1. Would you pick out the residues in the range 23-72 that are part of a loop (DSSP other than H, G, I, E, B), more than 16 Å from LEU95 (Cβ to Cβ) and of a type in the set (Lys, Arg)?
2. Quick one: is ARG168 surrounded by fewer than 18 Cβ atoms within 10 Å (Cβ to Cβ), modelled with pLDDT of 90 or more and touching a Phe, Trp or Tyr at 6+ places or on another chain (Cβ under 9 Å)?
3. In the range 129-144, what residues are free of Cβ contacts under 8 Å to residues at least 40 places away in the same chain and under 14 Å from the mean Cα position of the chain (by Cα)?
4. Which residues, counting only those in the range 28-78, are small (Gly, Ala, Ser) and loosely packed, with under 13 Cβ neighbours inside 10 Å?
5. Does TYR25 satisfy the criteria of being surrounded by 17 or more Cβ atoms within 10 Å (Cβ to Cβ) and at pLDDT below 95?
6. Out of the residues in the range 114-147 meeting the condition of being of a type in the set (D, E, K, R) and part of a loop (DSSP other than H, G, I, E, B), tell me which one is surrounded by the most Cβ atoms within 10 Å (Cβ to Cβ).
7. Applying the selection to the range 66-116, what residues are over 15 Å from the mean Cα position of the chain (by Cα), among the small types (Gly, Ala, Ser) and under 22 Å from SER41 (Cα atoms)?
Amino acid sequence: MLYRFISRIEINIRTYLIYTISNRYINNPIWFKDKTVVSTSYSDRFNSYVYTEKFKEIPVVKNHHKNHPNDKYAPAWKTLEFMTFGAIIRLYKNLRNDELKRAIAKHYGYNSTNSFENNLEALLLIRNSCAHGNVLFDLNIPKAIKNGPAGNMIDNKNKLAGVMLVIRHFLGFISRNRLHDFDCQLQQILSDGRRTDCVNDIIRKCTGLNF
């Protein structure tokens, strides 16, 4: 369940970054490698982070290089489309233009780029945990979730309940229908009558979720 909703958030963020940054550097289709746009360390390591030999075998990327043999990189709207969520977050963190970073964070309701980055990393942790089939109810988030527009985490900054608040926040910006679907599905899972009261108490304690 969570993987599907986080994937929707990931697609939205990826698309918005491609559109916003590419329009800012409209005459620079490979701005993601430009040291005036991203940090030097990021640019220097981009090939090992992203543009590996395996990455260049992706059909869209491979076809671009076949048609444009002199291009060292495919343009942003092709390259970023196939970058992982973690790579997208890393790219955002390494943007040099603080004003641009703030504008992107503001689009999702964040006044602080630090809180925005922190909340994205919490989503990434859960996304990867889901992808690997990990158990989530007793997950301990090593990097505490920061307060922000998603809510005041208080006792949930290291628990699944904190991530749920972040997911709800992003879904609210992306699609009210998907937010409604998320709330309904979560409620169905939490209200499963087959669990004993003892099990429910353990889930509440470990996740921070109230039901």
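The values are calculated or read from the model by the stated rules, or taken from the named source; none is laboratory data. Values in this document were obtained by computation on a predicted structure and should not be read as measured data. Please note: Cβ atoms are built from the backbone with ideal geometry, for glycine as well, and neighbour counts cover all protein chains shown.
1. Result: LYS54, LYS72.
2. Numbers: surrounded by fewer than 18 Cβ atoms within 10 Å (Cβ to Cβ): yes; modelled with pLDDT of 90 or more: yes; touching a Phe, Trp or Tyr at 6+ places or on another chain (Cβ under 9 Å): yes.
In short, yes.
3. If the condition is that a residue be free of Cβ contacts under 8 Å to residues at least 40 places away in the same chain and under 14 Å from the mean Cα position of the chain (by Cα), then SER129 is the only one that fits.
4. Matches in the range 28-78: SER41, SER48.
5. Here the answer is no, as TYR25 does not meet what is asked.
6. For the range 114-147, the residue satisfying everything is LYS146.
7. The answer is ALA74, ALA76.
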